[in-house]
Amino acid sequence: MDKIAIITGANTGLGFETAKALLLEGYYVVMANRNAGKSKMAIKKLKDICKVDHVEYMIMDLEDRPSIEAFVAKFESRFGRFDVLVNNGGALLPKYSLTKNDLERHFDVNYLGHFYLNSLLLDSISDEGLVISLGSLAHKMEVADIHFDDIAFKKSNYEKMKAYSQSKLALTLYGVELARRFEGTNKRSIIVHPGVCNTDIFSRYYGKYLGKILMPIVNLFGISGPKEGAQPIIHAILTSNIPNGSFIGPQGKKEWRGNPGFCSLSDKAKDGILAKKLWAYSEELIGNKFIID
Ligand SMILES: NC(=O)c1ccc[n+]([C@@H]2O[C@H](COP(=O)([O-])OP(=O)(O)OC[C@H]3O[C@@H](n4cnc5c(N)ncnc54)[C@H](OP(=O)(O)O)[C@@H]3O)[C@@H](O)[C@H]2O)c1
């Protein structure tokens, strides 16, 4: 059977472009999306462009634990194993909000939903399987930290970038810690950042109308589009000798865009003690042990 790739949030943006590239390489692609209508449209587009049939979607909402469990049960009964998992789905939100898990939404969607998904799914990874986690330059921001004493910003002042960067630092710490736990096997965990690229993430953040005016202006300052932004993800998947634990991103000025290559993580992202503390804390939040055999 073809190699099987799962991509979260693949109906648009970087996830969609990654799905397209993998389909053209012969992968069977399973999109883990939260919206059926958008998924059907994306699949139609992918089939039209790629002239292939080996793509499907299964519903999964990263902030809804039962939907993650249902996705994993359905995926495992249909396929039993996967070769590539891309922890891609995510959001940059204009306002403070909590999910029904009583967690700040960036943290729950961008990070903890993926941690939960991975904890249920990694028994099905193939022997040479690969997990890609979507980091961001935001993990290096001065405000980026894991606020264990107030993870949902209920006591302290909420700042959007503090919350987004917390979620992206968390997913990066996860990707690096997973690489440590994969050591001695042929499995790999690679962290990727796409630079800065004009996807729906910004029109959702600025609103449809402001986004339409603002983004073309911002484009003039050298940001890329989704096709270019997805190249580090695609490169990390299709290049077989990228070492476990690498951080891949664009190589141009300030790493905003350019050809993919090796990038450096912040000191915090490499902090093994912090990563282990976050792993244990995340296990408490999901109410499950996440053990890598
Ligand atoms: N664009 C950039 O410059 C940039 C920079 C650094 C990192 N990133 C990261 O790249 C990833 C992809 O972003 P993008 O730029 O491609 O943005 P995008 O076009 O807005 O795509 C985001 C995807 O995530 C999905 N998603 C959002 N909330 C979800 C949830 N609760 N459950 C399941 N799926 C959910 C969206 O689904 P719906 O369409 O149904 O909402 C969509 O498919 C994100 O993790 C983002 O943080 C992007």
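The values are calculated or read from the model by the stated rules, or taken from the named source; none is laboratory data. The shown structure was predicted, so the numbers you read here are calculated from the model rather than taken from an experiment. Here the Cβ positions follow ideal geometry from the backbone for every residue, glycine too, while neighbour counts run over all protein chains shown.
Brief remarks on what is shown
- Candidates are the residues of segment 122-147 that are assigned to a loop (DSSP other than H, G, I, E, B) and not acidic (Asp, Glu); the one that is nearest to residue 71 (Cα to Cα) is 135.
- From the options 119, 97, 77, residue that is more than 14 Å from the ligand (Cβ to nearest atom) and without any contact (Cβ under 8 Å) to a residue 24 or more places away in the chain: 77
- Residues (surrounded by fewer than 22 Cβ atoms within 10 Å (Cβ to Cβ) and in contact (Cβ under 8 Å) with a residue 24 or more places away in the chain) located in segment 235-253: 235, 238, 242, 243, 244, 245, 246, 252, 253
- Among residues of segment 125-138 that are more than 16 Å from residue 248 (Cβ to Cβ), those with a Cβ under 8 angstrom from a residue that is assigned to a strand (DSSP E or B) and hydrophobic (A, V, I, L, M, F, W, C), sequence gap 6+ or separate chain, pair up as 125/82; 125/85; 125/131; 126/82; 129/82; 129/84; 129/85.
- With respect to the conditions (1) farther than 18 Å from residue 138 by Cβ; (2) among the polar types (S, T, N, Q); (3) within 15 Å of the ligand (Cβ to nearest atom), residue 224 lacks only one, and its number is (1).
- Scanning segment 21-45 for residues that are surrounded by 23 or more Cβ atoms within 10 Å (Cβ to Cβ) and within 13 Å of the ligand (Cβ to nearest atom) gives 31, 32, 33.
- Taking the criterion of being among the charged types (D, E, K, R), assigned to a loop (DSSP other than H, G, I, E, B) and touching a strand residue (DSSP E or B) at 6+ places or on another chain (Cβ under 8 Å), the only residue of segment 243-293 that qualifies is 257.
- Any hit, segment 151-174, residues being in a strand (DSSP E or B), surrounded by 22 or more Cβ atoms within 10 Å (Cβ to Cβ), within 18 Å of the chain's Cα centre (by Cα) and more than 13 Å from the ligand (Cβ to nearest atom): no
- For segment 206-235, the set of residues classified as of a type in the set (Ser, Thr, Tyr) and at pLDDT 80 or above consists of 224 only.
- For segment 48-67, the condition holds for no residue, the condition being that it is surrounded by fewer than 22 Cβ atoms within 10 Å (Cβ to Cβ) and within 23 Å of residue 188 (Cα to Cα).
- Which numbered condition residue 115 misses (of (1) under 19 Å from residue 246 (Cβ atoms); (2) within 16 Å of the chain's Cα centre (by Cα)): (1)
- Residue 181 in a helix (DSSP H, G or I), at pLDDT below 95 and over 14 Å from the mean Cα position of the chain (by Cα): no
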